[in-house]
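Contents: one structure, followed by commentary.
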Amino acid sequence: MILSLFRFASSIAIASIALQVSHAAQPLVVQAKKLITAAGPTIENGTIVSVDGKITALGKSADILVPDNAIVLQCAVAMPGMVDVRTCAGLSGILNVEHDSDHLESSSPLQPELRAIDAYNPNEELVEYLRNFGVTTIHTGHAPGELISGQTLITKTTGNTIEAALMVDGRAIAATLAESSKKSGKTSPGTRGKQMAMLRSLFIEAQEYQAKLNAKPTASSTSDKEKKEPEPPVRSLRLEALAEVLSGKKALLITADRAQDIASAIRLSDEFKIKIWLDSAADAHMMIPQIKASGISVLLHPSMARASGEKENLSFETAKKLRAANVPFAIQGGFEAYVPKVRVVLFEAAVAAAHGLSYDDAIESITISPARILGIDHRVGSLVIGKDADIAMFDGDPFEYTTHCVGVVINGVMVSTAAQ
Amino acid sequence: MNTRREFLCATTLAVASSALPQSTFGLHSQTKSPGTIAWTNATLLPVDGPSIQKGTLVIQEGKIKGIGAAANVTIPTDATVINAEGKWVMPGLVCTHSHIGGLGAADGSGPIQPGVRVLDSLNVRDSGFRRALAGGLTTLNIMPGSGHLISGQTVYCKLRYFETSPRTIDEIFIRDKDGRAIGGLKMANGTNSQGESPFPGTRGKSAFLVREQYIKAREYQAKIVAAKGDASKLPPRDLHLESLVEAMQGKRIVHHHTHRHDDIMTVIRLSQEFGFQTVLHHVSEGWKVAKEIAEAKLPCSIIVLDSPGGKVEAKEMTFKNGRVLDEAGVKVAFHTDDWITDSRLFMRSAALAVRAGMNRDKAIAGLTLAGAEMLGLEDRFGSLTVGKEADIAILDGDPLSVYSRVLETWVEGKKAFDLSKPEDQLFAEGGLNAGSDLDPFLCCFAPAWQGGAK
């Protein structure tokens, strides 16, 4: 069966057929006039073969054998399914009412124990919305707005349960150094100084907890033969989560836009030798030497974020400048509190491409770069043999405003042909 | 919408009449009189007709003097001739719904405050004006917010930011031939304008409160007519009712925020009952009642956002809205609602509508002429038509392409934005001091992140 997705009008009619016949067991082939791999030069007239959800062959169409029983999808341009390096979709819902807003728990400023997996709704319409534009993997979780708001996870944008779609649980802990994480009146934290004091105190507590967890049996003073087992600490979900930041298993994602907050985040990273990611980072363009020296990756705010409040100094050119300085970065969809409720990284990278970021770098900023930062580049982010068959298909230049996303494949299964 | 809307706004009258051209406000006095300029070899998008390849555009004394194929346009001998090969030239963009400069009209004391003017609240030094120029915008309808049934009077502005910036907001008002600042009236229905008492709690109460006020305004006007100029018989002057009378007389266009299909129908019902001239704004579910909107002959100024949702009413917002409305025969313009959409990204709104199948020429008109019509000012600007004000955007490519950049923006024949100048580039790209240090003050509703409804 061959489905042509060149013209977006025709793709709607075939959607139901394709979805009926597409399942992981059946090989799936994507043929594109331009095949953007994010792992090398663009292949003209390229073909990708997916078997059992993984890419098994890839190259010029003339060199690739199409399996007999394969579904063949044809399009103008194909690229790796996109990876949104920071969103709250699935915890934060389309209606923006209590019923679908689980991205921020405000009962306490420090709640690293809150897991995204317990809050994520895989059937949230915003997740489907992102998927239909070719976003196949999201790093989502608790939102900015509390000093530590909770954990994040990485998931594919498909699946009926989080268990079916999950890639990494508890990937990071989300922290915020901003006005939004300050409290009014006599409630802490009321100042930036207090925010840092509270974070530092908690990490010191976590260090002590970690030391107890890792304590070696010590020789008894009365007998060399009897080893005394150390007393394990009383289990604390909060400190357990932070101990995983100290051990490097989890990253500390710090939302910080103002230069002074970026500096504080770096200071915290240095003091506790922890892996942090700078989230949003509107003033990053003024802090490039410091960010570069710290080796920190930037989950850059959407290009079209609003230039007001703490983001007043943001620039369309920040992506270009980070790239020029070789600072690892990816462009995020981010958290939106109002309208639009979610942003599409495809659109955000397009605007960066129009403001000095090279075309290839713009593609990488929403594919392989976020995959590397998140530590999932062995599975997603580029079209390479052995990786997951996550593919976004277009009827033209993916970045152009008037181009349509005509098909999306996740794990070798066609999940969307609704032209967007 | 062929007649110019001119209205009496007595409190501005005294100021306005002294602010006519070359006034003490220095409306046009800061730079020398605009010269004669001819752009040649340009791709011209006149909007009032088909595009012209290798065309010539001549401006003189702040007005469009000539436009057409090279052979058909005489370039005056004193003209500065600019070879615009590879450049696209279109009318300056008209945003029918902007909040740049401030939102401070009606306050939290009540849901209906038509006498309050947004023009008394605007910060002329807001960097948003500069960013709007970087997006090719030349005209804004600056509106109060949507947290009231009637949140006050809007004001139409031209972005007269030249080498010397305007020192007062009065310098950027668009004025009628008598020197009076022109603007509309902002109304809203649906959830934004609902809340705790004295705000309405339901849609039925919302419509009732609005009807009640318009009926009062009718009675007020009847007393004025009955007084036949006898000052002793005139009712005490009421700024709120005066504003509603102006709306019913067609002197002040009602710009009506509305999202849901049934709210749209309510606006149609009220506008027909009281005869105020209405532009529907946002109109997120317009696509569901496009036929009814067309029959009511109400134009739509629509918003295009990256995703639906954010509030229940916007859940069914879709890129196809512009196409469906246009195909039903509705006049469609776009707006930024800046700060909702940064004005630098205004052209993108039209491009996304084209993505969903809207006619290309109609989409371009939706950024320019259709907007001017919705302000009742289409005889002054909105297209590259001989005799109109020389408001121009010059791009390095197709305005509907993500890769195109606005190179220059001209307002009334003078250059107001030049991407090649570092000080203007700052506002085009962003950076230190290019933004606004405060988030907008939204009276009197609060989205979820500000604690929900008031």
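The values are calculated or read from the model by the stated rules, or taken from the named source; none is laboratory data. As the structure is a prediction and not an experimental result, all values here were calculated from the model. Don't worry about glycine lacking a Cβ; one is built from the backbone with ideal geometry, like all the others, and counts go over all protein chains shown.
Key figures for this structure:
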quantity	calculated
Some residue of region A:228-246 being surrounded by fewer than 16 Cβ atoms within 10 Å (Cβ to Cβ), under 21 Å from A:Arg115 (Cα atoms) and touching a helix residue (DSSP H, G or I) at 6+ places or on another chain (Cβ under 7 Å)	yes
Matching residues, region A:146-177, being in contact (Cβ under 8 Å) with a residue 60 or more places away in the chain and in contact with a Phe, Trp or Tyr (Cβ under 9 Å, 6 or more places away or on another chain)	A:Thr155, A:Ala172
Subset of region B:414-434 that is within 11 Å of another protein chain (Cβ to nearest Cβ) and in contact with a helix residue (DSSP H, G or I) (Cβ under 6 Å, 6 or more places away or on another chain) - its residue that is modelled with the lowest pLDDT	B:Ala434
Total residues in region A:106-156, condition within 14 Å of chain B (Cβ to nearest Cβ) and of a type in the set (Val, Ile, Thr)	3
Residue count, region A:288-316 (criterion: within 18 Å of B:Arg130 (Cβ to Cβ), in contact with a Ser or Thr (Cβ under 7 Å, 6 or more places away or on another chain) and assigned to a strand (DSSP E or B))	1
Candidates B:Arg117, B:Arg125, B:Arg130, filtered to the one that is in contact with an Asp or Glu (Cβ under 9 Å, 6 or more places away or on another chain) and at negative phi	B:Arg130
Residues located in region B:352-371, provided they are within 12 Å of another protein chain (Cβ to nearest Cβ) and touching a Ser or Thr at 6+ places or on another chain (Cβ under 6 Å)	B:Val354, B:Arg355
Wholly enclosed strands (runs of 3 or more DSSP E) of region A:102-182 bearing at least 3 residues under 21 Å from A:Leu237 (Cα atoms)	A:148-156, A:166-176
Residues located in region B:340-351, provided they are at the interface with chain A (Cβ under 9 Å from one of its Cβ atoms) and either closer than 22 Å to B:Asp439 by Cα or hydroxyl-bearing (Ser, Thr, Tyr) (or both)	B:Ile340, B:Thr341, B:Asp342, B:Arg344, B:Leu345
Residues (within 30 Å of A:His378 (Cα to Cα), hydrophobic (A, V, I, L, M, F, W, C) and surrounded by fewer than 22 Cβ atoms within 10 Å (Cβ to Cβ)) located in region A:154-196	A:Ile162, A:Ala164, A:Leu166, A:Met167, A:Val168
Only listed residue being in the same structural domain as A:Ile94 (by TED's automatic domain parsing), basic (Lys, Arg) and farther than 28 Å from A:Pro289 by Cβ, chosen from A:Arg343, A:Arg323	A:Arg343
Region B:65-99, residues that are within 30 Å of B:Leu280 (Cβ to Cβ) and β-branched (Val, Ile, Thr)	B:Val94, B:Thr96
Region A:304-317 residues that are free of Cβ contacts under 8 Å to residues at least 40 places away in the same chain and more than 7 Å from chain B (Cβ to nearest Cβ), paired with ones that are part of a loop (DSSP other than H, G, I, E, B) and surrounded by 20 or more Cβ atoms within 10 Å (Cβ to Cβ) (beta carbon under 8 Å, 6 or more apart)	A:Ala305/A:Leu314
Sole exception among (1) within 9 Å of chain B (Cβ to nearest Cβ); (2) touching a helix residue (DSSP H, G or I) at 6+ places or on another chain (Cβ under 9 Å); (3) within 30 Å of B:Ala314 (Cβ to Cβ) for A:Ile366, by number	(1)
Filter result (facing another protein chain (nearest Cβ under 7 Å) and either farther than 23 Å from A:Glu317 by Cβ or among the small types (Gly, Ala, Ser) (or both)) within region B:302-339	B:Leu305, B:Ser307, B:Pro308, B:Gly309, B:Gly310, B:Lys311, B:Val312, B:Ala314, B:Lys315
Cβ pairs under 6 Å, 6+ apart, first in region A:236-250 and closer than 15 Å to A:Ile274 by Cα, second among the acidic types (Asp, Glu)	A:Ala241/A:Glu113; A:Lys250/A:Glu244
Restricting region B:154-171 to residues that are in contact with a helix residue (DSSP H, G or I) (Cβ under 8 Å, 6 or more places away or on another chain) and outside any strand (DSSP E or B), the residue that is surrounded by the most Cβ atoms within 10 Å (Cβ to Cβ)	B:Thr154
Qualifying residue in region B:363-373 (condition: surrounded by fewer than 20 Cβ atoms within 10 Å (Cβ to Cβ), of a type outside the set (Gly, Ala, Ser), modelled with pLDDT of 95 or more and under 20 Å from B:Ile174 (Cα atoms))	no
Per-region count, region A:330-363, residues of a type outside the set (Val, Ile, Thr), within 12 Å of the chain's Cα centre (by Cα) and more than 10 Å from chain B (Cβ to nearest Cβ)	3
Of the criteria (1) assigned by TED's automatic domain parsing to the domain that holds A:Thr56; (2) under 22 Å from A:Thr42 (Cβ atoms); (3) in contact with a strand residue (DSSP E or B) (Cβ under 8 Å, 6 or more places away or on another chain), which one A:Asn411 fails	(2)
Options B:Val411, B:Val406; residue that is more than 10 Å from every other protein chain (Cβ to nearest Cβ), farther than 21 Å from A:Ala352 by Cβ, crowded, with 19+ Cβ neighbours inside 10 Å and modelled with pLDDT of 95 or more	B:Val411
Residues of region A:62-91 satisfying the condition of being farther than 14 Å from A:Val30 by Cα and β-branched (Val, Ile, Thr)	A:Val83, A:Val85, A:Thr87
